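Right, one structure below, let's go through it.
The values are calculated or read from the model by the stated rules, or taken from the named source; none is laboratory data. Just so we're clear, the structure is a prediction, and the values are computed from it rather than from any experiment. For neighbour counting, all protein chains shown are included, and Cβ atoms are generated from backbone atoms with ideal geometry for every residue, glycine included.
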Amino acid sequence: MAFNELDLAERLNIAREGTAYFAERLAMLSDADLSGPTLLEGWTRKHLVAHVAYNAAALCRILDWAATGIETPMYESVEQRAREIEEGATLSAGSLRKLFSERSAQLDEKWRTLPDAAWDSEVRTAQGRMVPASETAWMRNREVWLHAVDLGNGGRFEDFPEVVLDSLLDDIVAMWRRRGEGAGLILEVGDRRFVVVEDGPPVTDTVAGSLAAVVRWASGRGARGLAAGSELQPPRWL
Ligand code: ZN
């Protein structure tokens, strides 16, 4: 089942669940813990919380675009996005917690009040793709679930809804295919088995395991729990 086949209301509810999951992990961390490292190289937890908060604000901007027709980008530029995160990481722990909860609540408010007709309006993602405003549900899901794991205090792929795992794997494999990476690689998830690159070279590598373990590996978050292929490095995703 792909995430975008679900009803919009259900997609938004899963995003809210993901936000709550991230918020729970965040609440378990002391203020001092927020200066500690994440699974993302070079980012402390403060960087990560600032990024997740500013991502909500950026999604609010494109929802405003959908509602009004006045073009507002997610971010002015790659540099502005990076600078905002660096500056956000210098805020106090209390300010960052507040920033996260306020921006998340604002995004939810935009979703609850967006006029029906605006959900199909096209807006641009940070990567430059044009998508309907309803895609913001999936964009936010990816951020909150994955980054809850990146906080590095016990968040687990096994806790994600199956539909989120399925669609993450679809996204990752689609990106590898667009870039021509993953040649010779087979993924085996339960009884599903698929080649990453069709018409590619003979299969040389197999990665097998539960859906959660394969998605963890494919997203570059480690090989724990794989039944096969744990010595392999995944192709780059983002
Ligand atoms: Zn992110």
Could you tell me which residue of the range 32-47 is nearest to the ligand (Cβ to nearest atom), considering only residues that are farther than 17 Å from Gly222 by Cβ and not polar (S, T, N, Q)?
-> His47
Which ranges mark the strands (runs of 3 or more DSSP E) fully within the range 170-238 that have 3 or more residues being surrounded by fewer than 17 Cβ atoms within 10 Å (Cβ to Cβ)?
-> 192-195
Do we find that Asp159 is of a type outside the set (A, V, I, L, M, F, W, C) and within 15 Å of the ligand (Cβ to nearest atom) in this structure?
-> no
If you go through the range 65-87 one residue at a time, do you hit one that is assigned by TED's automatic domain parsing to the domain that holds Arg45 and at positive phi?
-> yes
Any hit, the range 65-86, residues being without any contact (Cβ under 8 Å) to a residue 60 or more places away in the chain, among the acidic types (Asp, Glu) and within 22 Å of Ser35 (Cβ to Cβ) | yes
Just give me the residues in the range 113-150 being at pLDDT 95 or above and within 12 Å of the ligand (Cβ to nearest atom), in sequence order.
-> Met139, Arg140, Asn141, Arg142, Glu143, Val144, Trp145, Leu146, His147, Ala148, Val149, Asp150
May I ask you to list the residues in the range 53-82 that are more than 16 Å from the ligand (Cβ to nearest atom) and farther than 23 Å from Asp116 by Cβ?
-> Pro73, Glu76, Ser77, Glu79
Any chance Ala50 is of a type outside the set (Lys, Arg) and within 16 Å of the ligand (Cβ to nearest atom) = yes
Among the residues of the range 1-49, how many are modelled with pLDDT under 95, closer than 17 Å to Val163 by Cβ and either out of contact with any helix residue (DSSP H, G or I) (no Cβ under 8 Å at 6 or more places or on another chain) or assigned to a helix (DSSP H, G or I) (or both)?
-> 3
